[in-house]
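Below: the structure, in structure tokens.
Since every read-out is calculated from the coordinates, none of them should be taken as a lab result. Quantities reported herein were computed from a predicted structural model and do not represent experimental measurements. No Cβ is skipped: glycine too gets one built from the backbone with ideal geometry, and neighbour counts run over all protein chains shown.
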């Protein structure tokens, strides 16, 4: 996608280098052109024009296959042909804005009646003043058109009496099946509205305005060119029961397993027996060895399907889909169709539809007849239709435009009802006897006044079902208060009433968003959040089994897993001519696919918490790249390229790398990488801004080695360190299942941690295209807007997709989360000004081992101006030079070389005063003596905002040039859980190790010298040393002392020993050993609440023995008579050995309590099932 300034552009591809490839193997079957094939068009995204190119680089020249390996694009503006973008208009206001409205349902196509008695039952006082409104109930056009159906319009009707003499309103309902005629084939095509396959809605209101009349058709001339006594009869059978791969919008009928049969019948009243009946039939089969399906009509075999066996490769068709056309020449009226499958015992066959058409005589043999005649169509032709079976009271309406029927002027000659009409185009008519009985309507609901057409959506639009309205409003209020945004929250049910005549059509939502986007006044719409789950099943009603709260756009294909997909991009393709998956996304679209109040609350709470100061910390300076193994090291290579991109463009960030093949692989009983699982879990616990995965996955987790599965995700408790997940892999976040949630959804809805958002995949994707969109993501994610603020996630995703030209692969990436959320990476800039008194920009001296280094710097704004009002803490990390590591080559793979810079020479904590800082450290003796560039990374915060920076313009290496005399190792103090610990004390199963270290020269954490790591040894297991280098944190303004915090997990009951070994920078070592006893049982030692006395709300806390654990907690509150007055059940995290506060606000819970003393009991259950409880007292004052 290339930004351009013109709507009409001439593009040219200039190839600068061709390369040849062997014409062998599978490539032989492809017919390559002899010239380069490409197409171009201009698309618009959020008002900006882009030139979109699609190129097939392969050609066949002189019998050889070549491809364009290097080319450039030349383009120039052409004269404007027409305006591109938005045309047409929508109603300024909805008719629902005022008046009293009732919604009713009509089934089938044809004339309907509503008796005055029924109207009175609905609450109308004067039935004669009732008006009918509606719109076409066909499936809405998925491509944007200026003339798309918009709002409710008056439906003409007439007043008469039924056979019982009751006063009625009679009107025509076009039904929900759209028939079109293909003149080139002479066949009719039907389109079933899968959102409402057998019904449509109408809206009734009462007012004294004149009802719309049904005008009479005026025909020029009185002479007919032809007389029509026959018409085209058509019918179909289509059952929407099975979606074969739970994807796409094509549904099939019930399955025929093995050798089985199905039958159906059609009846052509008054059939013209001499005319053949044409059939079209579509069926699919999944067969192991091949199968067949024979089709008989009235006992005569007319078609035979031969289905091929399915293939097992990943992108193979799930079933063989075939279409047959055949003709029946018999003379009977009743047509019985029988299908017989011949297949293996587990093979399955499905019918998609059977469609038929024939000729029938124009005979009104019942109360109504709907007819059209393709044979009468001819330019400038006037036809006379002659209908038998009618009488002089029979009415005929032209319903070619169903919402504006016209009454035909008829004459009755005693046996036929005749009328003249122009047939220069295909016309449709309904003939009916006005005094007959017709189907009535079913009352659905009262409709409150609303006016979505008249609203200004503002900058952000949140669309939600009513059930999640509270959480959606909470999020909207956050953006209003935090960002000053104009945010609108709209219940999705209201959209259907104004934009699809009440039908749950996904395109109604798109058209509503488009109407908001088209408004030119105020702030333009930029972000759309779909707040609720959608499923691949848009057909069945919303239920616990099908939580399709906000329907989904599904591709047409429901056979091939590579071509069938869901995409919320559909809601953001808003310019004329865009639709389906074609075009450039104009607004940032995200979805929170919640299915419950708890999930909706968890998602919103995490967003609000993420944006608060509670999330400040060094973790916001870390990106993690995870890469799968195998595939010729493709995934590691792609991850390495992405990490290099970040290191080059944004070196302030530390790139952590977790490459599978760098860890030992277990192969018994299955291939597993326990070290990778541990590394991922540890990185999540320690915190990471963006976690990026490249490789294989499915909706259950990452990789066939199962390195990260749903139970792992559910166990995360990183609530204060919520990352954004990016997964360039298959199906990790396939959120549109009906009966299960993907691993990505578990990340989003984990109430105690997980992630705040995901840019993730929903279907089968391909690695090369994944890399491109992954690269685009990192091109944009750290960009800033015109105000110097971080881009919002919706902008990042929208721009990334535009870069990739709207390919099918890019459509399979979805933003699960809030599109208006800003990535919370540090805003301010930390700079180094001096090294050992020399200007940092002029430093030429090499830093050697054991040198004492003094660093001076400042915290500034994005322009580099020192912030004199910034007072807080700086966390510098000094790294040795880059090194090249090599993976292990597990299972015969080729080892892969990758670059890291993770040997920490010093990790400090320094005071920043008036925006300035100074710190010193001693370079460890254990550095790599090769001379190359070192790195200092900074993170600074004052408790409300943060900054980061880097400095890498210094050489480090070489031996010490001086002498330091020190033979003593570090002083070591070891605690578990808190500093009151003494050797032999009891802990829980997840104790926190606290190591206090001190040394005159500093602690060695470089990891360079063999055997010189800072380590912990549990129970004497020297083979599994716990390396603590990265966890050492120097004390404030000191390089002589510091602390290590490390949390154990799942230790067994009983007595354990723990040995700590530490080295100073001169390689002097010390050891310290302690003993402790693990008790996995739960003990609650103390409970309290604050404030106490309680006026409005209070917060309960309990202290326990299971460090950092997660509990299911019940708080029960009793009066002094022992009566239960309230109870709360929550999942509660712990801050060390104390629970997080549990807030109780009686008034918000609808509870009114008199003043007095109340007893509360806190009962907690640990993950292992151990329970404990304790009680306390509180005084309530009002």
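Things to note:
- Per-bin percent of Cα-Cα distances, region 488-528 [5 Å]: 6, 23, 32, 21, 14, 5, 0
- Intensity falloff of region 875-927 expressed as log10 I(q)/I(0), Debye formula with alpha-carbon point scatterers, at q = 0.25, 0.26 Å⁻¹: -0.97, -1.00
- Label sites at residue 960 and residue 836, each approximated as a point 7 angstrom past Cα along Cα to Cβ, lie 1.5 nm apart.
- Modelled spin labels at residue 844 and residue 67, positioned 7 Å past Cα toward Cβ, are 5.0 nm from each other.
- Extension gain for residue 208 to residue 671 (0.36 nm times residue separation, less C-alpha to C-alpha distance): 159.0 nm.
- Label-to-label distance, nm, for residues given as residue 1128 and residue 198 (7 Å Cα→Cβ offset): 5.0 nm
- Exposure proxy ranking, count of Cβ atoms within 10 Å, fewest first, for 180, 226: 180, 226
- Using alpha carbons only, the radius of gyration of region 252-358 set against its Kirkwood radius gives Rg/Rh = 1.04.
- Computed per residue of the chain from DSSP H runs no shorter than four, each worth -39500 (n - 2.57), the mean residue ellipticity at 222 nm is -3000 deg cm²/dmol.
- Look at where the Cα atoms of region 753-806 and of region 1017-1035 average out, and the two centres are 37 Å apart.
- Its alpha carbons considered, region 828-956 gives a radius of gyration followed by a Dmax of 16.9, 58 Å.
- Exposure proxy ranking, count of Cβ atoms within 10 Å, fewest first, for 694, 205, 944: 944, 205, 694
- Cβ-Cβ FRET estimate between residue 14 and residue 807, R0 fixed at 35 Å, reported to 0.05: 0.90
- Region 657-731-region 1114-1139 distance, computed between alpha-carbon centres (Å): 35 Å
- Stokes-Einstein diffusion of region 651-780 at 4 °C, 1.567 mPa s viscosity, Kirkwood radius from Cα pairs, rounded to a whole number: 86 µm²/s.
- At R0 = 35 Å, FRET efficiency that the Cβ-Cβ distance of residue 883 and residue 1077 yields, to 0.05: 0.25
- Cα centroid separation - region 584-645 against region 320-346, whole Å: 51 Å
- Compared with the alpha-carbon gap, the fully stretched path from residue 519 to residue 263 is longer by 86.9 nm at 0.36 nm per residue.
- Full-stretch length increase - residue 1023, residue 953 - with 0.36 nm per residue and alpha-carbon distance subtracted: 21.3 nm
- Fraction of the pair-distance distribution of region 971-1078 above 18 Å, Cα-Cα pairs, percent: 45 percent
- Seen from all directions on average, the chain presents a Cα convex hull projection of 58.5 nm².
- Sequence of 504, 178 once ranked by neighbouring C-beta atoms within 10 Å, starting from the fewest: 178, 504
- Taken over the alpha carbons of region 1090-1169 as equal point scatterers, the Debye sum produces base-10 log I(q)/I(0) values at 0.13, 0.18, 0.21, 0.23 Å⁻¹ of -0.42, -0.77, -0.98, -1.11.
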